[in-house]
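*Asks:* This structure is in structure tokens; I'll ask about it shortly.
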Ligand SMILES: Nc1ncnc2c1ncn2[C@@H]1O[C@H](COP(=O)(O)OP(=O)(O)OP(=O)(O)O)[C@@H](O)[C@H]1O
Ligand SMILES: [Mg+2]
């Protein structure tokens, strides 16, 4: 199949993650890549929305270009002209005709990022181009047709923007056909080691340094940090450690203070536990949460799917300071 894959070992791809939530993302992306359908990618900043959009285009088999537009970056009418082009004289400074990004994306993919920031006027134009693949450049009455696959991304809650009147309901229903939700990194802790190793290898190669891995304390801190900036924050923390560090291993002290601030693991895990146990607590906790979620929060079934008996699961829950009822309530 095309280049979307989910392991670091695949050479062509960039999307790393074997957590079930990421596997599901990659699976949907792979299935929709070859369809013409509009795709909306949602998720917090840094979760990999732009990366996935590029991967969907790469796997689409479409011969044209991947054209990216940050809808929040330009004010009207520049954004409209950026998207749809303009005729000479359409506004001050428009000295000649200009092609817009939709035309550049013909037979390719147009990626409309930060769609939640689109102005009301732009939303009207987008609705039309999404419905009919037709538009007129600013200041022109010529109608253009394009064959561009549209991918949109947002870290806003579009439904909430619709409710507050800031996003058109008709546009929302038009873009909300195939929605791929990128899970935040804190909900797929088991992917962190693979991502961290990937960024480490890449940064070490760039810096021409020999760095073989993470110290147990550094890995423990990395696994405990909640990563509000998601994969981007992890990438930057690892790159910084590679560029600034001086030993063969990334040490805890090489990590940003914000990453170290998460402190030791919760529950009964304290100073008495070995560093290895502390480092393993976060992925163990995440695997148990995943199993419980899949089992509809039934402990007996979750234990069975983990290949352990119920008593062992109870002991682990206690040792890791996990309360199933609390966890269930927060999901
Ligand atoms: N699953 C992943 N595997 C490998 N690299 C990833 C993954 N997810 C994100 N990255 C990397 O993390 C960085 C941030 O990802 P990206 O820019 O796609 O996030 P985003 O969701 O588009 O963020 P924003 O909302 O701020 O635009 C990029 O350098 C990207 O290559
Ligand atoms: Mg992005």
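Throughout, read-outs are computed from the coordinates displayed, never taken from laboratory work. Being a predicted model, the structure only gives us computed values, none of them experimental. When we count neighbours, we look across all protein chains shown, and the Cβ atoms used for this are built from the backbone with ideal geometry, even at glycine.
*Asks:* If the viscosity is 0.692 mPa s and the temperature 37 °C, what translational diffusion coefficient in µm²/s does Stokes-Einstein give for the range 273-331 when Rh comes from Kirkwood over Cα pairs?
*Replies:* Here the translational diffusion coefficient equals 283 µm²/s.
*Asks:* What value in Å³ per residue do you get for the convex hull of the alpha-carbon atoms in the range 100-250?
*Replies:* Considering the Cα atoms of the range 100-250, their hull volume per residue is 161 Å³.
*Asks:* Go ahead and set up a Gaussian network model of the chain, Cα springs under 10 Å, then flag whichever of 92, 47, 154 fluctuates most.
*Replies:* With Cα springs under 10 Å in the chain, the top fluctuation among 92, 47, 154 is at 92.
*Asks:* So which residue, out of 233, 134, 76, gets the largest mean-square fluctuation from a GNM of the chain using Cα contacts under 10 Å as springs?
*Replies:* Highest fluctuation of the listed residues: 76.
*Asks:* Where does the chain land on Rg/Rh, using Cα atoms and the Kirkwood Rh?
*Replies:* Ratio of gyration radius to Kirkwood radius for the chain: 1.05.
*Asks:* Rounded to the nearest 5, what % of DSSP beta bridges with both residues in the chain are antiparallel?
*Replies:* Percent antiparallel among DSSP bridges in the chain is about 15.
*Asks:* Figure the gain on full extension for residue 309 and residue 244 (residue separation times 0.36 nm, minus the Cα-Cα span) and round it to one decimal in nm.
*Replies:* 18.8 nm
*Asks:* Still on this model: How many percent of the alpha carbon pairs in the range 38-94 exceed a separation of 19 Å?
*Replies:* Above the 19 Å cut-off, the range 38-94 has 49 percent of its Cα pairs.
*Asks:* With N denoting the number of residues in the range 1-155, provide Rg(C-alpha) divided by 2.2 N^0.38 Å, to two decimal places.
*Replies:* In units of the globular-protein estimate, the range 1-155 measures up at 1.12.
*Asks:* Moving on to the next point. Could you list 297, 227, 173 so that the one with the fewest beta carbons within 10 Å of its beta carbon is first and the one with the most is last?
*Replies:* Sorted ascending by nearby Cβ count, the order is 173, 297, 227.
*Asks:* At R0 = 30 Å, how high is the FRET efficiency between residue 132 and residue 14 if r is their beta carbon distance? Nearest 0.05 is fine.
*Replies:* According to the calculation, E is roughly 0.35.
*Asks:* Calculate the all-directions average of the projected area of the range 186-263's alpha-carbon convex hull, and give it in nm².
*Replies:* Averaging across all directions leaves 4.4 nm² for the Cα convex hull.
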